[in-house]
Amino acid sequence: MKKLKNLSEGAFLKLFFLVTSLAFLAAAVLMPDRGTMLSGFLTILSQPCKVSTNYFALGGYAATFLNMGLTGLVCLALFCIFKSTPNNVSTLAFVLTLGFCSWGINVLNILPTILGVVIYGLVKKEKLSSLVNAMLFSTGIAPIISDMLVRYPNAEVVGFSLTGILVALAVGFFIGFLLPAGMGHSPKVHKGFDLYSAALPIGMTAFFLNAVLYKTMGVELPGAPSADGLKVASAMTVNVFCIVLFGAFVVAALLMGCSFKDYWKVLRGACGNLSGTYGNAVFLMNTGVFGLFILAYYNLIGASFNGVTFGIIFCMLATCNSGSHPGNVWPIMLGYVVTSFVCGWLSALVGGTFSGAINAQAICVGLCYANGLSPICDKYGWQYGTLAAAMHYLLVTSVPNLHGGFCLYNGGFTAALICLILVPQLERFAHTKEEKLALKK
């Protein structure tokens with residue numbers, strides 16, 4: 001275990017990516033429906049996957065785990081092939097991509113955008129090793145690639161065709177050329193207060209493509225998947241897998257020498273790179289504890305553990321190496337819960353039809369990305385983090401109208417919009433934690 005603790009950050013993260021991917025593959029062969037794993041996997045590859053498509057219903061449990069494991073290995077292969085050294089941003093990109101593999105991403109629909117980023121690097125003569133994170137983030141618009149492949153410009157699935165493949169490649173190349181520059185500019189817009197920084201350029205690109213490919217062309221936008229598919233769920237499957245995986249991370253961190261005193265420093269402070277600042281053991285501890293914390297929240301509110309909920313546990317966990325931990329995420333959760341109850345009460349007063357219960361699927365997904373606003377808690381205090389979460393709750397279900405359900409980073413895109421509204425007001429009217437401390441002194 002000392003060897004693991006002393007590994008370089010990049011080497012340890014590659015090992016972390018490998019072990020996590022293999023855990024999903026091992027789970028795939030242990031699922032009761034493993035007999036239909038390959039046929040279910042082919043179904044996942046050949047069907048649309050607009051937000052929110054439940055892969056547990058579409059292809060089955062074994063096929064979903066297989067897709068997650070294989071996609072994880074593809075992502076790891078990109079770091080190895082292009083000799084890229086992973087860092088905290090790579091952790092976010094990898095785990096986030098993995099999380100979407102149960103409700104929007106598969107090993108096929110990620111290829112055109114990844115290839116688009118590769119071509120961008122070759123044209124601009126940039127080192128491809130520096131673009132691997134961008135390759136992974138480009139998959140946030142994967143559902144539109146699937147639509148191009150199997151049904152555009154039709155409303156119903158017609159299957160793969162040469163035209164569909166060419167259109168998908170063209171769209172993928174377009175995304176690949178836009179994203180790297182957009183990722184560099186995005187932090188200037190939200191000033192570092194949205195951990196899902198790539199969501200802004202991805203969301204704007206999805207907005208543009210939705211307008212061009214459908215609205216402008218007069219093509220009917222296919223509807224969202226049936227809500228009946230979300231009913232296929234298994235609390236036991238999700239809980240057992242997550243408890244075993246996250247528990248193993250905690251145990252491994254303890255064996256590597258991480259003490260609770262070390263981890264308490266993380267919970268008490270703000271850090272943008274856990275593995276680089278505190279070391280491998282503390283990073284692994286936060287991954288395990290934060291994962292169990294997220295899982296406990298979704299159990300507490302009574303969420304349905306379908307493929308979407310399973311995926312968002314990992315989408316939320318993705319920021320575990322970029323600054324999020326239970327100490328700065330609980331105010332975000334509090335903001336969502338309080339706002340849900342207040343809005344339900346107000347809706348009843350005005351005779352409205354309320355659909356934003358705290359365990360509603362869209363709200364569960366929204367909370368996952370409101371987590372990206374945790375830097376507001378770190379800088380201004382938990383009260384303002386709760387306020388940011390409340391604003392996110394109010395906006396997140398309306399944003400899909402912009403991108404047509406093709407942007408998997410919908411909540412992260414919403415978080416960037418909240419930053420545009422809230423951060424200027426905080427800078428003008430609120431004191432940071434440091435300023436409050438100085439005033440007290």
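The values are calculated or read from the model by the stated rules, or taken from the named source; none is laboratory data. Source: prediction; values computed, not measured. Neighbour counts run over all protein chains shown; Cβ positions are idealised from the backbone, glycine included. Each accessible area value is taken on the protein alone, full model and side chains, heavy atoms only, with ligands, DNA and RNA left out. Shrake-Rupley method; radii C 1.70, N 1.55, O 1.52, S 1.80 Å.
Looking at the stretch 346-389, which of its residues are part of a loop (DSSP other than H, G, I, E, B), open to solvent by 30 Å² or more (accessible area, probe 1.4 Å) and either within 21 Å of Leu295 (Cα to Cα) or in contact with a Lys or Arg (Cβ under 9 Å, 6 or more places away or on another chain) (or both)? Ala357, Asn359, listed by residue number.
Here is a yes/no grid of residues against (1) part of a loop (DSSP other than H, G, I, E, B); (2) surrounded by fewer than 23 Cβ atoms within 10 Å (Cβ to Cβ):
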site: Phe24; (1), (2): no, no
site: Leu38; (1), (2): no, yes
site: Val51; (1), (2): yes, yes
site: Phe56; (1), (2): no, no
site: Met68; (1), (2): no, no
site: Leu73; (1), (2): no, yes
site: Val117; (1), (2): no, no
site: Glu126; (1), (2): yes, yes
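Number of residues in the stretch 185-200 that are open to solvent by less than 20 Å² (accessible area, probe 1.4 Å), assigned to a helix (DSSP H, G or I) and not hydrophobic (A, V, I, L, M, F, W, C) equals 2. Residue-level analysis places Phe193 outside the set of residues that are modelled with pLDDT under 95, of a type in the set (Phe, Trp, Tyr) and over 16 Å from Phe406 (Cα atoms). When you scan the stretch 40-49, how many residues do you find that are open to solvent by less than 30 Å² (accessible area, probe 1.4 Å) and not in a helix (DSSP H, G or I)? Summing the residues that are open to solvent by less than 30 Å² (accessible area, probe 1.4 Å) and not in a helix (DSSP H, G or I) in the stretch 40-49 gives 2.
Scanning the stretch 252-275 for residues that are among the polar types (S, T, N, Q) and farther than 28 Å from Leu373 by Cβ gives a single hit, Ser259.
Taking the conditions (1) among the hydroxyl-bearing types (Ser, Thr, Tyr); (2) farther than 20 Å from Tyr298 by Cα; (3) over 19 Å from the mean Cα position of the chain (by Cα) in turn, Thr386 satisfies each one other than (2). Of the residues examined, Phe341 is not one that is part of a helix (DSSP H, G or I), open to solvent by 20 Å² or more (accessible area, probe 1.4 Å), under 25 Å from Leu254 (Cβ atoms) and among the aromatic types (Phe, Trp, Tyr). Of all residues in the stretch 394-430, those satisfying the criterion of being touching a residue at least 12 places away in the same chain (Cβ under 8 Å) and small (Gly, Ala, Ser) are Gly404, Gly405, Gly411, Gly412, Ala415, Ala416, Ala430. Checked across the stretch 325-332, the condition of being at negative phi, without any contact (Cβ under 8 Å) to a residue 60 or more places away in the chain, open to solvent by 40 Å² or more (accessible area, probe 1.4 Å) and not charged (D, E, K, R) holds for at least one residue. Note on the stretch 392-404: residues that are modelled with pLDDT of 95 or more and surrounded by 21 or more Cβ atoms within 10 Å (Cβ to Cβ) amount to 3.
To keep it simple, each residue is scored yes or no on (1) of a type in the set (S, T, N, Q); (2) within 29 Å of Leu195 (Cα to Cα); (3) touching a strand residue (DSSP E or B) at 6+ places or on another chain (Cβ under 6 Å); (4) at pLDDT 95 or above.
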{"position": "Val118", "(1), (2), (3), (4)": "no, yes, no, yes"}
{"position": "Lys127", "(1), (2), (3), (4)": "no, yes, no, yes"}
{"position": "Ser130", "(1), (2), (3), (4)": "yes, yes, no, yes"}
{"position": "Asn133", "(1), (2), (3), (4)": "yes, yes, no, yes"}
{"position": "Ala142", "(1), (2), (3), (4)": "no, yes, no, yes"}
{"position": "Ile145", "(1), (2), (3), (4)": "no, yes, no, yes"}
{"position": "Met148", "(1), (2), (3), (4)": "no, no, no, yes"}
{"position": "Asn154", "(1), (2), (3), (4)": "yes, no, no, no"}
{"position": "Leu166", "(1), (2), (3), (4)": "no, no, no, yes"}
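Looking at the stretch 208-306, the helices (runs of 4 or more DSSP H) lying wholly inside it that each contain 2 or more residues that are open to solvent by 10 Å² or more (accessible area, probe 1.4 Å) and free of Cβ contacts under 8 Å to residues at least 24 places away in the same chain sit at 235-255, 260-268, 280-300. In the stretch 137-146 there is no residue that is without any contact (Cβ under 8 Å) to a residue 24 or more places away in the chain and either among the aliphatic types (A, V, I, L, M) or crowded, with 18+ Cβ neighbours inside 10 Å (or both).
Going through (1) within 28 Å of Met316 (Cβ to Cβ); (2) not in a helix (DSSP H, G or I) one by one, Ile175 falls short only on (2). For the stretch 82-97, the candidate set comprises residues that are without any contact (Cβ under 8 Å) to a residue 60 or more places away in the chain and within 14 Å of Ala11 (Cα to Cα); within that set, the residue that is surrounded by the most Cβ atoms within 10 Å (Cβ to Cβ) is Ser84.
Would you mind finding the one in Phe260, Phe283 that is modelled with pLDDT of 95 or more and of a type outside the set (A, V, I, L, M)? So the residue among Phe260, Phe283 that is modelled with pLDDT of 95 or more and of a type outside the set (A, V, I, L, M) is Phe283. Across the stretch 82-115, the number of residues qualifying as over 23 Å from Ile313 (Cβ atoms) and part of a helix (DSSP H, G or I) comes to 5.
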